[in-house]
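Reading through the structure tokens given below for one structure.
The values are calculated or read from the model by the stated rules, or taken from the named source; none is laboratory data. None of these values were measured; they are calculated from a predicted model. Here the Cβ positions follow ideal geometry from the backbone for every residue, glycine too, while neighbour counts run over all protein chains shown.
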Amino acid sequence: MAIYRNNYKPYTGALTPAWSRFLVLFRYSRRNMFRSKFQTAFFVACFFLPVLGLFTIYLVHSASFLQQVGVPSRLVSVDNKFFFYFVNGQGALAFLLTAFAGPGLISPDLANGALPLYFCRPFSRAEYVLGKSSVLAILLSQITWIPGLILFAVQGSFAGTQWTWDHLWIAASMVASFLIWIAVLSLLAMALSAWVKWRIVAGALLLAMMFFGAGLAQTVNVVMRTDSGYFFSLGYLMTTVENALFQIDTERAISAVDAFIALLAYCAICLGLLMRKVRAYEVVQ
Amino acid sequence: MSTTTHLGAASGENATPPAASLPPLIELHGLSVRFGQREILRSLTASLQGRAIGLLGPNGAGKSTLINTLLGFYKSSAGSARVFGYDIATEVRNIRGLVGYMPENDAFISKMSAVSFVRMMGELSGLPRDVALERAHEALFYVGLAEARYRELGTYSLGMKQLAKLAQAIVHGPKLLILDEPTNGLDPSARQRMIRMIREIRDGQEMRIVLCSHLLRDVEETCDEVLILKQGQIAHYSNLDLERQANKRFLELEIYGANGDFTEAIEKLGCECAVTANRMKMVLADGVETRDIFRLAAEREVRIRRLNFRRDTLEDIFLKAMETDAQSLKSGGSGNGDLQK
């Protein structure tokens, strides 16, 4: 029988480029995420609405079929409102997916003291945050703006080049809306994940932020007799921005610019909280 | 404790080159670290160049803070430091590329198998995916976790977690291995295994080691240089081998067939000695070597069964350093006076 002595050997080969190492975290975190059957099932379920949208677009352009079933062809029109409702629907699903998947990103590393192992390597805190946030960003992109653009392309292929050219702003609005929402959700989920070690509590807090935020907004508005309370409601702020982007004519208590600035401020606060917590060792002064 | 030289046996088998021939590993130039109002490290100045350097000190002396500062986790409030010639303030990425670090506390990812964990850490250090996988297996074999490498880390015992931490620290082939309390929480046999492994790594010539511990035995068994810290200051810095050589004047002998003639002959050489039954203790006079003792014994047909060089144990050095430091603190000294070698 052959006997091998296990000796330590140094590595002398080429190293991977430093810029690409955040993708290592993305790969491993994503694999971990899909180990949960529930999360995988929910992720698949998030494609129900895009498939329904595709079916609707197909029906709208199948006049003969609509005549056969006796539905007026003008009942559903594929316009800015159609995509606005799609953005709202998928945005809600993206929020729920973030509530399930987001808290598990950083909290296990903190709970098990793994951060020094990352940062003792040529790997910075910014790369760590980038790697972890890319998991959510790519996951949410897969269920939001990518299917949205596919819907838009299908509608364009049915409606013709002129329609596509005239309504290109809808595609841009859709991508912009989703990107803002993804940024807000990713940073919020990661900040909560970094500050709360228990992932279930972090997920619950994220849900609470959304629902209690809306309640708090209304309470502040009523008690203070003001509209400033809406700044506490992430949902209201996002809808305000979406209304402006999709040119939906409804009256909002705050302007789209104010809402956008408020969302940016939320992102900055979350990033600050995240960078404060994501460090090898916490210094207790 | 004493070093035993069995007669007739070859000595100096350790192939480790003398520390003086190695380039400086860590250079500290008035390094201070402050957390808020509290000064944790106070103006440390030293040049450490051993193959295996032990950081010793009581709890709260600043050992882990020094390591964390060298790794760039904490910012220095004054002074500077270099590791392999790289400045810790501006070139920390280069330093981290050369270092493998085994932290003191639990550090793992619970829902991950050991091989995935070590592979991921290798990839984060820059190893390509396939190489990282291969080396993760090798590292886990090397530390003795081959059979358990597909188990989730959360199910590991404390000793196994320590070994997994060691595996992730060596997977990428670092030039410097920093071990923070590597034997914490290990049972005696696991501790022995860990110490043996550290010595193997040290003697393998590929890596240099900084071992931080409050256990004197761990440092004594693995290190050739020791830096003793107390209250954020350097209390003592010494080369253990040189310390041992310096104390080779004190001998303990086990002798048979001796009479007063042998003792008289030794005293005539200027040595002081005391005899009890078959034991003889002596302090060699200047210019007298052990071969003179052997010659006298041969002339008088005295059999020397055992000859021990008594030396300061690390505990003696440590206690002496603590006393010196206390005295210098009382007299207003900085405690760094005996650093320069």
field: Hits in region B:183-197 (condition: within 17 Å of B:A107 (Cα to Cα) and either touching a strand residue (DSSP E or B) at 6+ places or on another chain (Cβ under 6 Å) or surrounded by fewer than 18 Cβ atoms within 10 Å (Cβ to Cβ) (or both))
entry: B:N184, B:G185
query: Does A:L149 fit the bill of being modelled with pLDDT of 95 or more and either outside any helix (DSSP H, G or I) or more than 14 Å from chain B (Cβ to nearest Cβ) (or both)?
result: yes
Qualifying position, being out of contact with any Pro (no Cβ under 7 Å at 6 or more places or on another chain), surrounded by fewer than 23 Cβ atoms within 10 Å (Cβ to Cβ), within 14 Å of chain B (Cβ to nearest Cβ) and among the small types (G, A, S), among A:S141, A:S124, A:S107, A:S77: A:S124
- request: Could you check region B:26-79 for strands (runs of 3 or more DSSP E) lying wholly inside it with 3 or more residues that are within 14 Å of another protein chain (Cβ to nearest Cβ)?
  value: B:26-35, B:38-48
task: Kindly check whether there is at least one residue in region A:100-121 that is among the basic types (K, R) and either in a helix (DSSP H, G or I) or touching a strand residue (DSSP E or B) at 6+ places or on another chain (Cβ under 6 Å) (or both).
output: no
statement: Within region A:27-49, residues being in a helix (DSSP H, G or I) and either over 14 Å from A:P108 (Cβ atoms) or more than 13 Å from chain B (Cβ to nearest Cβ) (or both) number 13
query: Is region A:232-255 home to any residue that is surrounded by 14 or more Cβ atoms within 10 Å (Cβ to Cβ), of a type in the set (D, E, K, R) and within 14 Å of chain B (Cβ to nearest Cβ)?
result: no
- request: Would you point out which residue out of B:L227, B:L240 is under 30 Å from B:A274 (Cβ atoms) and under 12 Å from the mean Cα position of the chain (by Cα)?
  value: B:L240
- prompt: So which residues in region A:230-285 are out of contact with any Ser or Thr (no Cβ under 7 Å at 6 or more places or on another chain), assigned to a helix (DSSP H, G or I), more than 19 Å from A:L115 (Cβ to Cβ) and charged (D, E, K, R)?
  reply: A:D258
message: Considering only residues that are assigned to a helix (DSSP H, G or I), surrounded by fewer than 19 Cβ atoms within 10 Å (Cβ to Cβ) and not β-branched (V, I, T), which ones fall in region A:157-171?
response: A:S157, A:F158, A:A159, A:Q162, A:W163, A:W165, A:D166, A:L168, A:W169
message: Taking the criterion of being over 28 Å from A:V135 (Cα atoms) and touching a Leu at 6+ places or on another chain (Cβ under 9 Å), would at least one residue in region A:246-254 satisfy it?
response: yes
- prompt: Considering B:I304, B:I266, which residue is over 34 Å from the mean Cα position of the chain (by Cα) and buried (at least 17 other Cβ atoms within 10 Å of the Cβ)?
  reply: B:I266
Helices (runs of 4 or more DSSP H) (entirely within region B:143-250) containing at least 3 residues that are within 21 Å of B:A132 (Cβ to Cβ) and touching a residue at least 12 places away in the same chain (Cβ under 8 Å): B:158-170
task: Within region B:119-142, track down each residue that is within 24 Å of B:S213 (Cα to Cα) and either modelled with pLDDT under 90 or more than 9 Å from chain A (Cβ to nearest Cβ) (or both).
output: B:L140, B:Y142
- line: Residue count, region B:104-126, condition out of contact with any Leu (no Cβ under 7 Å at 6 or more places or on another chain), buried (at least 23 other Cβ atoms within 10 Å of the Cβ) and part of a loop (DSSP other than H, G, I, E, B), comes to 1
message: Looking at (1) more than 14 Å from chain B (Cβ to nearest Cβ); (2) among the aliphatic types (A, V, I, L, M); (3) touching a Gly at 6+ places or on another chain (Cβ under 9 Å), which one does A:A280 not meet, given that it meets all the others?
response: (1)
